[in-house]
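Written out below as structure tokens is the structure these notes cover.
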Amino acid sequence: MDKILVLVVSGPSGVGKSTLLSYLPKEEFYFSVSHTTRPPRRGERPGQDYYFVKEEKFLEMIEKDEFLEWVKVHSYYYGTAKSEIDQALSQKKHLVFDVEVIGAGKIKAYFGGQAISIFIAPPDLFTLKERLEGRGTEDEEKVKQRLERAKFELSLLGFYDYVIVNNNLERAKNQLFSIVEAELCRPFRQKEFLSKIF
């Protein structure tokens, strides 16, 4: 089997990670689904956006060492189950992790040089604030918390292999595709890629 790409993608809440990643074809990419103890937002689908579990269940999974990484953010737990790797390998697909910065470091350490880390950044915090408020899913205090968290996350972007500033969706999408294409051209990562996304 060809070596798979392992994309580790991070960025502040509201920056547009999910929208960008949705352009990658599901025939070629397996999108790791994280577990979380937070309640679903409007429109989120259990098992597709997240595995929504009770805190008791999450803590039990920690005890059983079932997570590749986990973290507590804004009073809720988030984690990536090790079983997601097996799912991707069984389907012979590239593996995509959409995780926060602490989890990204743990996944990068686990996979070593095989992992490609990408940070999606907002053009500025004012734009990010507008996007968060525009979602209508958080009150003023939650938005403030997320902006404070964003400052911390942005301070770590220098540890990533690539940074995409999502100021223009089409340009950001093209940059994401360019990164994937370049990484697939490395001798140990060559694999036929669907031409429809280029």
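The values are calculated or read from the model by the stated rules, or taken from the named source; none is laboratory data. Since this is a predicted model, take the numbers as computed values, not measurements. Cβ atoms come from the backbone with ideal geometry, glycine included; neighbour counts cover every protein chain shown. Areas reflect the complete protein model, heavy atoms only, side chains present, ligands, DNA and RNA absent. Shrake-Rupley method; radii C 1.70, N 1.55, O 1.52, S 1.80 Å.
Here is how the numbers come out for the structure above:
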read-out: Calculated FRET efficiency for the pair Phe177/Phe152, C-beta based, R₀ 35 Å, to 0.05; value: 0.75
read-out: Region 1-78 - percent relative contact order, Cα under 8 Å, separation 6 or more; value: 25
read-out: Accessible carbon and sulfur surface of the chain relative to its total accessible area, %, 1.4 Å; value: 51
read-out: Extension gain, Glu170 back to Lys92 (0.36 nm per residue minus Cα-Cα distance, nm); value: 25.2 nm
read-out: Inter-label distance for Tyr110 and Lys144, nm, one decimal - labels placed 7 Å from Cα along Cα-to-Cβ; value: 3.5
read-out: Cα-projected label distance for Glu133 with Ser75, points at 7 Å along beta-carbon direction, nm; value: 2.3
read-out: Cut-off 9 Å between beta-carbons: net charge of the residues surrounding Lys82, Lys and Arg +1, Asp and Glu -1; value: -4
read-out: GNM flexibility winner over the chain from Val96, Val163, Val180 (Cα, springs under 10 Å); value: Val180
read-out: Relative contact order %, the chain, counting alpha carbon pairs below 8 Å whose residues are six or more apart; value: 33
read-out: Helical segments meeting 20 Å axial Cα length and Kyte-Doolittle -1.0 threshold in the chain (DSSP H); value: 169-184
read-out: Å² per residue, accessible surface of the chain at 1.4 Å; value: 53
read-out: Whole-number percent relative contact order across region 58-136, with pairs defined as alpha carbons under 8 Å at least 6 apart; value: 20
read-out: Sequence-distant lysines (8 or more away, or on other chains) whose Cα lies within less than 27 Å of Lys144; value: Lys17, Lys54, Lys72, Lys106, Lys129
read-out: Protection-proxy order for peptides 46-54, 109-117, each taking the mean of Cβ atoms within 10 Å per residue, highest first; value: 109-117, 46-54
read-out: 222 nm mean residue ellipticity, helices alone, for the chain (DSSP H n ≥ 4; -39,500 (n - 2.57); rounded to 500); value: -11500 deg cm²/dmol
